[in-house]
Structure formats: structure tokens, C-alpha cells
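Values quoted throughout were computed directly from the atomic coordinates according to the rules given, and no laboratory measurement underlies them. Note that this is a predicted model, so its numbers are computed, not measured. As a convention, Cβ positions derive from the backbone with ideal geometry for all residues, glycine included, and neighbour counts pool all protein chains shown.
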Amino acid sequence: MKASQKAILLTLTLAFHRVFCPENTASMKQLKIQRIDARQSGFETEFEAMRARLSPSGTVVSPKGQELTKRVFGETLTPGQVVERICSDVRNEGRAALAKYSHALDGSELPSGDFAVPAKKLQEAHAAAAPEFLATIRRIRDNILQFQKSILHQNSSIEPAPGIRLDQRYVPLHRIGVCVPGGAAAYPSTVLMTVVPAQAAGVEQIAVVAPPTDFGAFNFDVLATCHELGITEVYPIGGAQAVAAMAYGVDGLDAVDKIVGPGNLFVALAKKHVYGNVDIDSIAGPSEVVVVADSTTNAAYTAAEMLAQAEHSPGASVLVTWDDSLPDRVERELESQLQNLSRSDLTYDSLNDFGAIILVSDATQACEVTDLIAPEHLHIACENPREQSDRIRNAGATFLGDFSPVALGDYAAGPSHVLPTGGTARWAAGLSANSFLRSGSVIQYSKDALSGIQAEIALLAEKEGLTAHRNSVDIRLS
């Protein structure tokens, strides 16, 4: 057989396996996870390049997405421009624009009148749900409620001197909106991790939006979860148009005070765009984990933790260690476990594109590097994980030891899984019941107490040229 014939035969064989044996495609890929040696001078350049990969700029769109944009808008637009156009149209044209974009982008016809998912559909989904599924939802709800209520801010009051009382009061938001993804999979866990903290805070009205898909607003597990939690407003709309509808209000969907929950790039950019009209939780990027490990670390557990984030695709998985033998052991485990994953092909790509193994000199440098990354999830798999945790400032959620995987926080523990990504854990916090409280101060002085501070107010008011401020005090005491 000629070399050219052998090449053709090999190509046809590989193509056959990709089509008819998709589970074998992962074995054809080669794991090329990046390694960075932080012990060497000049590693900062590699580190910054890694950070750039872990924090996509939000300008890259797939060819399919570009084609859809051109078809809908008649021209090539960036994701930011698409979001600005959609939000502006929904704000100015209301429900007509919402219907237009639901049809053009999601292929969904918005019905006339009330377009929320009918109460009967929610009831039917709940009635059809398996008893063990509903029991799981209830148990997780109870876990979340217990934790979220325990951390609620409490009203406080002090009387620092006779005639003075100062209060700090916390009031729940009246109405919030929740984005639930529904493109590639159904996410009843997102319903739990957003709705239950809001309920713990005392929010009265909660509107849920999900794409009009079998994984979104038409998914029985999602609808059953909403009904179990007492949610009566579920709207089959997605993308930037859903965010705009909740922010500005349209006929059939009243505006909300705050929008929370994850979504794709367009949802994230839309939340950024409407911020100021409403509050938002965060502008979320790809999921990420940093595993800090030493010589006592179980390589199989660490590989499993990294794969759990990488399968989000994109999802960033980073190992930070000062044990020279661990990277090779973890890579072998990654290769082995990848063969048995349902999304192994995409997970390979995610590890190669967004994964990294960083070698550091010791535990102290591990903490410094982790603080620079400021990861969404931090798993500390060291001999003394709590001691190491106390030395790290920046992380959305931290998981300690062999038996606290990130999946525990994703699904069941109690803290919300809606967390800051892309290095924003340096200053941002994860979603919690306190995210749904608005604080305000209450100040009360007697006449004698006001007289006691009259001179200070007068001096500052004069310095700032605000004589009406001074007079508002003086007139009461003259």
C-alpha cells in the first residue's frame, strides 16, 4: 500500500471513530497543561499571560454567534454592541422588542397576554417529579436556609450619650430577578442557590427567567424546584433581552430591584449594562478553581477537583504546589480519569486552554500566588488546610481537606455557589442572604444633644460655604 493510500485510510479511520465512537475522541487528544515555575525569575510574564487566558475579554464570539448577529442586526457587532442594542430597544419599545429578540435569537414566540409559565405547568412538573428528587431539594433547601439565616445582618442600636440614639437598620429588597441558565444543561441547583438566600433575607417577590428551552423554562426539574420553593413567576425568556426586561420592566413582567444568577457572555454584559438602574450580584466569567497542594496530597482527588471545573468548558483549573513530584502524578490521574467522563473531549480543550500547574518554593509563596489569582473556588489539600487558609485573603469560597470538594458547595452545603470570578475575589463577595438586604441609618438627637455638637457643625458648614446647613441647626437652638 502506498504512503498516500495509508494516509487516506488513517484519515477515514479517525473520522469513523469520531462519528461512531465518540467516547474514543478524548484518547486521541494530548494533554498539554501549562507549567509555570514561580521559583524562577521572570515568571511574572508567564503568570500575567495565564491570567489573561483565565479572564476572557468578552470580545470573542464563535462563528455561529457571528453569523446569528449579522442575520439579526444586519451587520457585524461585538458582544458589547449587541447587548447595548438589545437593552436600548427593550427599554424604549418594551414588550415588542422583547418579543422580537425572543423570536430572532431564541426562535421562541412570546404569547400575547400573560407570558409567564402557567401555574398549572409548575404544578404538573412538581406532581411528576420523583419523590427522591423532591426530598433532595427539600434537604438542600434546609441546609441553605440554616446557613443563610445564621449569617443575616441584624439591626443594631447605640446610645453613645444622653439624648442620642443611632440605629443601623436592614430591610429586605422588595422584588428581585433570578437568571437560570438553560443552554447546555438544566440547573435546578442554581434555582436553590439564588432563590433560597433571597427567601432567607425576606424578599417578597422573586421572578425567575430561563431560556425557552428543554433545559431552561420548559425543564420539569427546574419547574418542580421552583414550585417546591414557592416561586410563582417563571418566564421563558433568556439572554440580554431577559435581563433588560427585568431591569426596565415590560408589559407582563414588572421591573425588579436586583438581578442575580449566572449566564453566558451576553447575560453578563447585559447585567453590567443595566447596573445603576438595578443592582446586580456580579459580572460572572468562566468557572475556576485553584488547588493548593503539598506532598501529602492525594493526586487522584486533586485531578478530580481540576476536572470538575474544566468540564464547564471553559473552566479554569490551576494547581499550586511546592512538591516536585506532584505535577506528574496529577497529570497521570488527569489522563486516566478523562477517559471516563461524559464531556471528556471538551474537558481536554479546557485544561489545555485554561489550565496551569504552578510550582512554588514553599507554602508562603503558594499563599502569595493564590492571592494574586484570587480564585472563585480555592481547595486546600495540604496537611494543615485551615492554617493555610488563614494566610490567604482572596478567594470566593474555600474548601478544606480531602472530604470537602468544590461540588459540595456547588450543590448542597449551604453557602451560595454564585461567586466572584476572574480575579474579582480581591474585592467582591459571593451571593448570600445579606446581598438582598438594604441597610439604612436612623438618627435621633434631643435638643440638648444637638446643642452639644452645634459648634462642630457650624465650623464645617462655614468651611464648605454651606450656610443653609449651619442655619438649619442654629434656627432650632436660637
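Brief remarks on what is shown
- Charged-residue dipole, Cβ positions (Lys, Arg, Asp, Glu), region 275-412 about Cα centre, Debye nearest 20: 140
- Beta bridges assigned by DSSP with both partners in the chain are antiparallel in approximately 25 percent of cases.
- Debye intensity ratio in log₁₀ form over the Cα atoms of the chain, taken at each q of 0.05, 0.08 Å⁻¹: -0.25, -0.61
- With bins 10 Å wide beginning at 0, the percent of Cα pairs of region 307-427 falling in each bin runs 13, 42, 38, 6.
- With neighbours defined as other Cβ atoms within 10 Å of a residue's Cβ, the residues Glu159, Glu333 order from fewest to most as Glu159, Glu333.
- Spatial separation of Cα centroids for region 348-425 and region 270-314, in angstrom: 9
- Residue order, fewest to most surrounding Cβ atoms within 10 angstrom, among Asp114, Asp371: Asp114, Asp371
- Most positive-pole-ward Cα, Asn92, Asn155, Leu173, against dipole of the chain from beta carbon charges: Asn92
- Using a cutoff of 8 angstrom between alpha carbon atoms and counting only pairs six or more residues apart, the relative contact order for the chain works out to 19 percent.
- Taking each DSSP H run with n ≥ 4 as -39500 (n - 2.57) and averaging over every residue of the chain yields -14500 deg cm²/dmol at 222 nm.
- Scalar couplings 3J(HN,Hα) for region 232-248, obtained by applying the Karplus form with A = 6.51, B = -1.76, C = 1.60 to θ = phi - 60°, are 10, 10, 10, 10, x, 9, x, x, 4, 5, 5, 4, 5, 4, 6, 6, 9 Hz; x denotes Gly and Pro.
- Ranking of Phe218, Phe73 by neighbouring Cβ atoms within 10 Å, starting from the fewest: Phe73, Phe218.
- Check: region 236-348 dipole with +1 on Lys, Arg Cβ and -1 on Asp, Glu Cβ, in debye: 360
- Region 119-281 - convex hull of the alpha-carbon atoms, volume per residue in Å³: 130
- What the pair-distance distribution of region 328-378 shows, using all Cα-Cα distances binned every 5 Å from zero, is 5, 15, 21, 20, 19, 13, 7, 1 percent.
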